Each structure stands twice: as C-alpha cells, then as structure tokens.
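Here is the structure we will look at.
Laboratory data are not the source of any read-out in this text; all were calculated from the coordinates shown. All values reported here derive from a predicted model rather than from experimental measurement.
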C-alpha cells in the first residue's frame with residue numbers, strides 16, 4: 001500500500017500540472033494537442049484502474 005501511494009502522489013501532481021498548464025491557455029485543437037489530451041485522459045484512467053487493482 002505504501003509503495004502505491006509513493007507512486008500515486010507524484011503522478012497526481014504531474015497530471016494536475018499538465019491540466020493546469022492547459023487551463024487558461026489559448027489552445028488550438030490540432031493533431032498534436034489532441035494526442036496530448038488523449039494521453040492525459042488515458043494516463044489518468046490507467047492510474048485510477050491501477051490504484052483499484054493494486
């Protein structure tokens with residue numbers, strides 16, 4: 001359990017930083033940005049499922 005939390009907390013900070021960087025920015029939804037957004041979504045879903053399965 002402690003190892004899971006040691007990994008989950010910094011990863012949560014990373015995801016928060018990624019989202020807050022894009023929050024008030026002037027984004028254009030071109031192909032690279034769509035790939036980046038999809039990565040953040042899939043990374044978050046994978047993290048939540050990993051926490052549940054651990």
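General remarks:
- More than 17 angstrom apart: percent of Cα pairs within the chain: 43
- Computed extension length for residue 26-residue 6: 3.8 nm, one decimal, from 0.36 nm per residue of separation with the Cα-Cα distance subtracted.
- Principal-axis tilt of helix 2-23 within the chain, Cα atoms, nearest 10 degrees: 10
- Between helix 31-53 and the chain: long-axis angle, C-alpha atoms, 0 to 90°, nearest 10: 10
- GNM result for the chain, Cα springs below 10 Å: residue of 39, 29, 16 fluctuating most strongly: 29
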